[in-house]
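The values are calculated or read from the model by the stated rules, or taken from the named source; none is laboratory data. Quantities reported herein were computed from a predicted structural model and do not represent experimental measurements. We place every Cβ from the backbone using ideal geometry, glycine too, and count neighbours over all the protein chains shown.
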Amino acid sequence: MNLDQLAEALAEHGLSLRGGFDFGTDDDTPPGPSGRGARSIVLVGNAGGAFWPHFSRWRAALPADLADPLDSWCQDVIGAVAPTFSARAVFPSDRPFLPFQRWAMRAEGLRPSPLGVLIHPAFGLWHAYRGALLFDEAIPLDPVRASNHPCDACIGKPCLSACPAGAVKEERYDHDACRSHVRSASGPSCRTKGCLARQACPVGAAWRYGEEQQAFHMAAFVR
Ligand code: B12
């Protein structure tokens, strides 16, 4: 398994390798390509909006009312890369939900922000996971380096006061309050400009998604 070649195949679609790990004997391990418990996992995701032009071009050729287009694009693209590398692809939208955030905490040493989203020291809140590749064999991964949690050093914590619905609290993100506000008559700025608490985060501002992408994710979130 050549990780550089895998990274290149994903980069063609604006996607990147987001770390991985070998499963231990105590893990609840999903099946690998052989159907037996996988030996290792690599996460695939986006940092910033690099995949957005690729996805938008793919989508333009399809009916405008296609349900869950981003899920379908991820399945197409990552699903096509997987067999070349003797992997089985799984996705964040698969039911029952797979523990993508738990895997990501282990693969990249990240922790959650008050928004529920894991915060990355470089990309801030502007990243997500688009799939994972499961392997029958152990793969040569660099050991995970624990990174500093950016929220610990954040002075003023602007995310906590920026939410017009008061849904973002240090102790928990209230997704019901968030969704009711975004769906209400007073929610259009969150709907069109994206989550205001996420915008207020000073970490990784250079990786912020474009307005069209933010509006797309917000529409999917309130559907
Ligand atoms: C269901 C779900 C939601 C629900 C949460 C309701 C609930 N409490 O169950 C809702 C619809 C509210 C939601 C919202 C969002 N979500 Co969401 N969501 C998921 C999904 C599909 C399943 C979560 C789950 O149950 N996993 C199963 C358990 C077993 O996995 P786990 O890792 O052990 O579980 C962790 C999460 O459940 C987490 N958690 C619990 N409550 C909440 C609430 C929120 C908002 C989040 C983000 C996480 C979270 O805590 C667990 C332990 O760490 C995951 C994908 C996935 N398969 O995990 C994405 C996922 C967690 N969401 C994600 C994102 C980005 C969002 C949004 C920001 C979407 C957007 N607009 O872009 C919003 C947040 C709203 C905002 N402020 O903008 C990302 C997070 C990426 C990251 N950097 O951490 C994920 C991983 C999907 C992805 N493609 O990467 N989400």
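Brief remarks on what is shown
- The stretch 50-71: number of residues that are within 12 Å of the ligand (Cβ to nearest atom) and part of a loop (DSSP other than H, G, I, E, B): 2
- Candidates Arg223, Arg172, Arg145, Arg183 - the one that is within 24 Å of Leu17 (Cβ to Cβ) and among the basic types (Lys, Arg): Arg145
- Residue within the stretch 146-159 that is surrounded by fewer than 20 Cβ atoms within 10 Å (Cβ to Cβ), assigned to a loop (DSSP other than H, G, I, E, B) and touching a helix residue (DSSP H, G or I) at 6+ places or on another chain (Cβ under 8 Å) present: yes
- Any hit, the stretch 214-221, residues being in contact with a Lys or Arg (Cβ under 9 Å, 6 or more places away or on another chain), at pLDDT below 95 and among the aromatic types (Phe, Trp, Tyr): yes
- If the condition is being in a helix (DSSP H, G or I) and in contact with a helix residue (DSSP H, G or I) (Cβ under 7 Å, 6 or more places away or on another chain), then the stretch 200-218 contributes Ala200, Glu211, Gln213, Gln214, Ala215, Met218.
- Checked against (1) under 22 Å from Phe216 (Cα atoms); (2) in a loop (DSSP other than H, G, I, E, B); (3) of a type in the set (A, V, I, L, M, F, W, C), Met1 passes all but a single condition, namely (1).
- Scanning the stretch 82-107 for residues that are in a strand (DSSP E or B) and either of a type in the set (A, V, I, L, M) or surrounded by fewer than 16 Cβ atoms within 10 Å (Cβ to Cβ) (or both) yields Ala87, Ala89, Val90.
- In the set (1) surrounded by fewer than 17 Cβ atoms within 10 Å (Cβ to Cβ); (2) in contact with a Lys or Arg (Cβ under 8 Å, 6 or more places away or on another chain); (3) among the charged types (D, E, K, R), Arg183 fails one condition alone, (2).
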